[in-house]
Every structure is written in structure tokens, then in C-alpha cells.
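The structure appears below as C-alpha cells.
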Amino acid sequence: MACYFRRAIAEQVARVVGLPSEKILHHVHAIPVHRKRSSPDFQLYLKSVLDDPLNATYYQEKAEKLTGKLVCDSIISDFGFARGVLTFKINRPLLVKKVMINIRQDGSRYGFNSELLSGFPKGLTLVEFSSPNIAKKFHVGHLRSTIIGNFIANLKEAVGNKVLRVNYLGDWGLQFGLLGAGFTKFGCEEKLKSNPLQHLFEVYVEVNAAAEKDEEMKQSAQEFMSKLESGHPQALSLWTHFRGLSIEEYAKVYKRLGVQFDEYTGESFYREKYQDILNLLRSKNILKITKEGTGVVDLTENGDLSAFSTVMRSDGSSLYITRDLAAAIDRMEKYNFDEMVYVTDKSQQTHFQNLFKILKMLGKDQVDCCKHVMFGRVQGMQTRRGDVIFLEDVLDEARARMLQNMAKAETSKTTEDPADTAEKIGVAALIIQDFKGQLQADYRFSWNDALQSCGDTGVFLQYTHARLQSLLTLWSSREEEDFNASCLQEPSAIATLQHLLRYDEVIYKTLKELQPRYLVAYLMGLGHLANVAHQSLHVKGSTPEVAHARLHFFNSIRVVLASGMKLLGISPVDKM
Ligand code: ARG
């Protein structure tokens, strides 16, 4: 296991350079595996631990002198030094033994108990994500927010935080005025029951178009909205009805994605509380009233209002940011979180910058633990029905396409529930396609690329997992913990174990930058190594001792692969 080896290396180096080993530990890194080239296991940039500004030749001399003092022992079998980098090779049987036993013991927790991760703050993390707008389109941005937010929540949980998953619905605003006014005219209770999201959207589109042409419709929408704002019981009950049905519907679709929320809140929760915010702003002398009667907060240093944020309409009502201010303060008081993460597309960057700035002006220092994780736009995601309107459409499309591919493929196994398998693979495909690049980058979506069975896709990961799982049905000596490490000395086995050694470092980097692509790249690497090993390290036809060691090895890969996939929000399939 990585920490054990890193510690041993740090202690050797510490003794030689005369520094505490704690200072060195974090600079010892497992070396990324290169295909077809055998390499040592760990490296250390000498510069990172020698801080005296030496000139180059003197440095080289000193470094050589130092490395000359390193000695091989039962853990480290070889050293190297070139271009400022110290390299370490671990005793081969020990490497194999330690890594595999550690995976056996820790199971899906492998890598997460690493001391590398101990420095991250622990406590309550509130992750707010998905947050669609009722009666409007669930666009691809909401899909991205859903899977990215879920991933962040999974990751934070895995490293020991308590996590609260919050869905902050767009459940207030003029669309409800339109819906309320339009429902009597265009709505149908039956349709609403059988497919609420679809029907509310239809009504919304219809009434929207009508309101554009017809002043009277517009008028009644505004009237309905004022009724809502003033708490008119009938209006509110219709609104509650729409909202409740929509949430039920969302929850069903989230379930297909493997996503759950601890709390559904929404902008409506703050439809009254925003008044307190305005009062707070007034009491701190931050609220300025413009000539037009709107309320603004000056965001400049010098007070020239060249940058400002509008927090009150001229009729005294709230805006998106006003409700967000109320929500943030409410959460600070209610949960006293240690960290809060908002996940939305990057078009809301300024919104969150302003939000955080105003919170700071209000003296809410907890804002320093608030973060906006943003992502880029997706182009070209279409389904057979056309543009994406509902999340369900995307999932249906992924499943249908995958079922078709499975039917075509000769290697497909018969699975008990092909639709369920297809769904899990389809979701994996969507997630990997989305997580491959930098989150902030825009990308062009292609069903064809996402659903390839080779190449860096979710289908490939699922395929690899299923293949390992089917190989493991041969493992009758599964209970037997011990194995002969000298049966696993082939280059393909060693390379894979070296890769497994690096898992905690990858988690560290993923967590630090909140970018899933590091984990994705790692799992792809693991998948490729697993397939290479699978081709050369046969189980059938080997002696029982070798077969047992190899199956043990393949199971180690499967455990880590599955754990990483789950973190990303993928349910690994056992057959496909
Ligand atoms: N409902 C919003 C939208 O669809 C996203 C909400 C993001 N969260 C927030 N606290 N503002 O654009």
C-alpha cells in the first residue's frame, strides 16, 4: 500500500538529508505507468526537499553524495538518480503482497484511508445541484449539474465528510403566474396526472405564446402571480399541486441516474424571507434606491456604482439573487455547514461572484467556505424526439441506443434484465463523456462517440468490469486470503500494481481541484492494464496456485475499478 512505501522512502531520505520525514512524505510520488516500459515505483524531486539555492554543478554533486548514502533494505530494492529526480524500486514480492492485501482488507475503501487525504477539512458539506426550473425545460446544463454535483457529493462523503444534497428548484416566478392563469384554459387534470412534467411544459409553452399576442392573458398571468405573492389560498394550492407532482416525477428520473437528494427546497421558500434580507441591507446602509425605484447594492470599492447588483424590483419584489442571499444565510444558520458547493453552468459565474461579495459585505464570513463549481456548455445533444426537453428523454435515448448495440454485438451475454443493463451502461456512457475533459470547457456531444465499446468510454469501463466479474466466477478459492506473490511477477501484473499504488494520489488531486477527469483518466488506464493482463495471465490451464494468485489479482483490479466507477456515479454491471 502506497502510504507504507512512501513512509519507508521518506524515512530513508530524511535520515540522509537531515530533515524530519514528515516534510518529505508528501513529495514522494508513485510513478505513472507507461505502456510497455518497466520503471521504478516511486519518485522524489530532490529540489522539493533541498531548499538551499545551490548552483547546478554543486547541486548535482551534493545530490550524488546524498544518494550515495541511501541503502537498500527489505522494502527498497533499488535507487536511481537522474536529472534531479530520485527513484525508488520496491522489493517486488513485497509490492505485490502489500497492495493486494490492502485492497482485500479495505475493499471499496481502498485509497480513502490514505494519510494523503487526512489534511482535507472534515465536517458538513452542503452540495446544491441539479436545481431545475419547474414547467421549463430540463436542459443539458441541468443534467451536467446533476451528475457533477452527485460526483462531488460522493467524493466528499468518501473522504469522510457528512454530506447534504440539496436541490434548489426554480419554483417561483412569472412562469407560475402563466401556468396558473393558463391551466384553466389549456390544462387537463388527466394529462397532468399521467405525465406532469410534459403537461406543465406544454401548458407553459401554450400560455406563453398566448400571452405574447393577447394582452388579457398577460394581465391574468400577472394577476395570478400577485395572488401567489400575497398568499391567496387557492392560487397557492394550485402551485403546491404543480410543485408536488413535479418533484415526484423528478425523483423517479433521478433514481434512474442513481441520484438522491436529502432536501428539495427552492426559490419559493424565500418568497417572504427576502424581506429580512432587504432590511438587513438597509440596516447596514448597503441598499441604494435608484431613480427608477429599484434597490441595488454597489459592488465597487469607490462607490461610483459602476458595478452593482439589483436586489429589489421597483414594486418591492425580489429577484433571483435576493432569494439566493436569503437561502445562503438560512443555510448558514440552519446547518452551520463547513463548506457549501453550488454547481451550475459558467453563465452564472457573475451571479455567484456578486452573491458571495454581498454576503461578505453583510459580514457573513462563512461565505469563505462557499464555492461555485462551474461547467461549460454542451452542444449537439439531441434525441430522436429532437431537442432535449426532459431528463427522461436523454436517459431513454441512451438506453434505447445501448439496447440496440447490445442486440447487434456477438459477444453479448444474456442478462436477466437487458433494459436495466442497457440503462446502466448508457448512464456510464453519458457520465464519462461528460467527465473526460476540464469541467469548464464546452464540448460537443455525440452519441456515437459516447457509446463506442472501445476507446475511453463508459461502455469500455462497464465492459471491463463485466469481463473481470465473469472471470471471477472461476474463483473457487476466493475465501483463501493468502497467495504466492512470486506467481505475479510478469510485467503486466507489476505495471497494474504500480498503477494501483497511485490511486490515493489521484483521489487527492481530484478532490483538490474538484475535477473528475483525473479519476476518469486513471480508471481508463486501469481498464487498459486489466485488459492487457487478462490477455496474458491466463487462469484456465494454470496450476491451482497460479490460478488463485491471478484471480486474487484480477479481483483487486475489479474492486478498485468498481469503487472509482461508483464515485463517478456509475453502477458497475456484472454482465453485458
Ligand atoms: N434554477 C437555476 C437555473 O436553472 C439554477 C439554480 C442554481 N442555484 C442557485 N442557488 N442559484 O438556472
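The values are calculated or read from the model by the stated rules, or taken from the named source; none is laboratory data. Every value quoted in this text rests on a predicted model; they were computed, and no experiment measured them. All Cβ positions, glycine included, derive from the backbone under ideal geometry; neighbour counts span all protein chains shown. For the accessible areas, the whole protein counts, side chains as well, though only heavy atoms, and no ligand, DNA or RNA atoms are used. Shrake-Rupley method; radii C 1.70, N 1.55, O 1.52, S 1.80 Å.
Laid out as a table, the results:
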{"quantity": "Flag for S306 being away from the ligand (no atom under 12 Å from the Cβ), more than 30 Å from S453 (Cα to Cα), more than 26 Å from the chain's Cα centre (by Cα) and touching a residue at least 60 places away in the same chain (Cβ under 8 Å)", "calculated": "no"}
{"quantity": "Of the criteria (1) free of Cβ contacts under 8 Å to residues at least 24 places away in the same chain; (2) open to solvent by 70 Å² or more (accessible area, probe 1.4 Å); (3) more than 16 Å from the ligand (Cβ to nearest atom), which one K334 fails", "calculated": "(3)"}
{"quantity": "Only one of V378, V341 that is touching a Lys or Arg at 6+ places or on another chain (Cβ under 7 Å) and either more than 18 Å from L511 (Cα to Cα) or open to solvent by 70 Å² or more (accessible area, probe 1.4 Å) (or both)", "calculated": "V378"}
{"quantity": "Tally, over the stretch 294-322, of residues that are closer than 16 Å to K360 by Cα and touching a helix residue (DSSP H, G or I) at 6+ places or on another chain (Cβ under 7 Å)", "calculated": "6"}
{"quantity": "Which listed residue, of F88, F112, is more than 16 Å from the ligand (Cβ to nearest atom), open to solvent by less than 20 Å² (accessible area, probe 1.4 Å) and within 15 Å of R6 (Cα to Cα)", "calculated": "F88"}
{"quantity": "In the stretch 115-127, residue farthest from the ligand (Cβ to nearest atom) [restricted to those that are open to solvent by 10 Å² or more (accessible area, probe 1.4 Å) and on the phi < 0 side of the Ramachandran plot]", "calculated": "E115"}
{"quantity": "Any chance F129 is hydrophobic (A, V, I, L, M, F, W, C), in contact (Cβ under 8 Å) with a residue 24 or more places away in the chain and out of contact with any strand residue (DSSP E or B) (no Cβ under 7 Å at 6 or more places or on another chain)", "calculated": "no"}
{"quantity": "Tally of residues being under 14 Å from L116 (Cβ atoms), in contact with a Leu (Cβ under 8 Å, 6 or more places away or on another chain) and either open to solvent by less than 60 Å² (accessible area, probe 1.4 Å) or part of a loop (DSSP other than H, G, I, E, B) (or both) across the stretch 10-33", "calculated": "6"}
{"quantity": "Pair list, Cβ < 8 Å and 6+ apart or interchain, from the stretch 20-33 residues that are within 14 Å of L50 (Cβ to Cβ) to residues that are open to solvent by 70 Å² or more (accessible area, probe 1.4 Å)", "calculated": "H27/Y45"}
{"quantity": "Enumeration of residues in the stretch 446-481 that are small (G, A, S) and either open to solvent by less than 70 Å² (accessible area, probe 1.4 Å) or assigned to a helix (DSSP H, G or I) (or both)", "calculated": "S446, A450, S453, G455, G458, A466, S470, S477"}
{"quantity": "Residue in the stretch 350-370 that is buried (at least 18 other Cβ atoms within 10 Å of the Cβ), in a helix (DSSP H, G or I) and within 11 Å of the ligand (Cβ to nearest atom) present", "calculated": "yes"}
{"quantity": "Leading residue by the ranking (modelled with the highest pLDDT) among those in the stretch 239-261 that are surrounded by fewer than 14 Cβ atoms within 10 Å (Cβ to Cβ), under 30 Å from E157 (Cβ atoms) and not charged (D, E, K, R)", "calculated": "Q260"}
{"quantity": "Cβ pairs under 9 Å, 6+ apart, first in the stretch 317-329 and closer than 15 Å to T265 by Cβ, second within 11 Å of the ligand (Cβ to nearest atom) and polar (S, T, N, Q)", "calculated": "A327/T265"}
{"quantity": "Scan of the stretch 482-503 for residues that are open to solvent by less than 10 Å² (accessible area, probe 1.4 Å) and within 13 Å of L537 (Cα to Cα), ordered by number", "calculated": "L488, A493, T496"}
{"quantity": "In the stretch 262-277, the residues that are buried (at least 19 other Cβ atoms within 10 Å of the Cβ) and in a helix (DSSP H, G or I)", "calculated": "E267, S268, Y270, Y274, I277"}
{"quantity": "Which numbered condition R165 misses (of (1) touching a His at 6+ places or on another chain (Cβ under 6 Å); (2) basic (K, R); (3) in contact (Cβ under 8 Å) with a residue 60 or more places away in the chain)", "calculated": "(1)"}
{"quantity": "Residue selected from the stretch 145-160 under the condition within 16 Å of the ligand (Cβ to nearest atom) and of a type in the set (G, A, S), by the criterion farthest from the chain's Cα centre (by Cα)", "calculated": "S145"}
{"quantity": "L164 being open to solvent by 20 Å² or more (accessible area, probe 1.4 Å), at pLDDT below 90, farther than 30 Å from Y4 by Cβ and within 16 Å of the ligand (Cβ to nearest atom)", "calculated": "no"}
{"quantity": "Residue satisfying all of: in the stretch 290-314; of a type in the set (D, E, K, R) and modelled with pLDDT under 90; most open to solvent (accessible area, probe 1.4 Å) among these", "calculated": "E301"}
{"quantity": "Residue check, S130 within 16 Å of the ligand (Cβ to nearest atom) and either more than 25 Å from V373 (Cβ to Cβ) or of a type in the set (S, T, Y) (or both)", "calculated": "yes"}
{"quantity": "Subset of the stretch 133-144 (residues that are near the ligand (Cβ under 8 Å from one of its atoms) and within 17 Å of the chain's Cα centre (by Cα))", "calculated": "G141, H142"}
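Each row is one residue, and each column tells you yes or no for (1) assigned to a helix (DSSP H, G or I); (2) within 30 Å of E397 (Cβ to Cβ).
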site	(1), (2)
G180	yes, no
Q219	yes, no
Q222	yes, no
M225	yes, no
L236	yes, no
G244	yes, yes
K255	yes, yes
Q260	no, yes
